[in-house]
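I have placed the structure first, in the form of structure tokens, so that the comments after it can refer back to it.
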Amino acid sequence: MVDKIDPDPEEYAAEYGVLKGDLVFIRNNQNLGQAIEEIQQTLANVNREYDNYANLTLEEKVRFDSLCAFCVNALFWMHEKLLGRPNTVMDDIKADLDRVREAMKRLQMVHDNLTKRPHIDKPAAKRFIRAGLYDGNSTANDKADGGPPNKKKRDKNKEAE
């Protein structure tokens, strides 16, 4: 982006006419031009990636489609904003942008649930459950039925003495 420009307004006289002295407008116009060039480069990259669309996985296709939908809606919003359309049209476009943004968030949640969720250690869970369900008053053959190993049984009569 253009942060600083020369304060010589004469070189901008032919291009900007009456606005040749407004350096803020000139800087904003140059920034807009650079932003448009960056958008064109990005769209060219997306166009190249679309050639590989058939080889993408389902998740990659959904990401690509949602990104394209968001970009097109955002560009259309910018176009309508530059043309000065009424707020009713802009509200509809913003609603579409919000809908696409929510779809992208749902996609991210699904991806996180599939990849970042904790996995249960089943043998450790079985040991915890078996130890939690152990009854100290049960008979010695309960140990063979699944009681916790190496658990000492205390006799309640000896404790009372």
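Quick rundown of the values:
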| read-out | value |
| --- | --- |
| Cα shape, region 56-116, gyration tensor, a/c 1.5 rule | prolate |
| Farthest positive-ward along region 8-55 dipole, Cα basis, beta-carbon charges - from 44, 54, 17 | 54 |
| Separation of alpha-carbon centers, region 61-84 and region 89-104, rounded to whole Å | 9 |
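Only the coordinates and a few stated rules stand behind these numbers; no lab work does. All values derive from a computational prediction rather than experimental measurement. Using ideal geometry, Cβ is built from the backbone for each residue, glycine included, and neighbour counts are taken over all protein chains shown.
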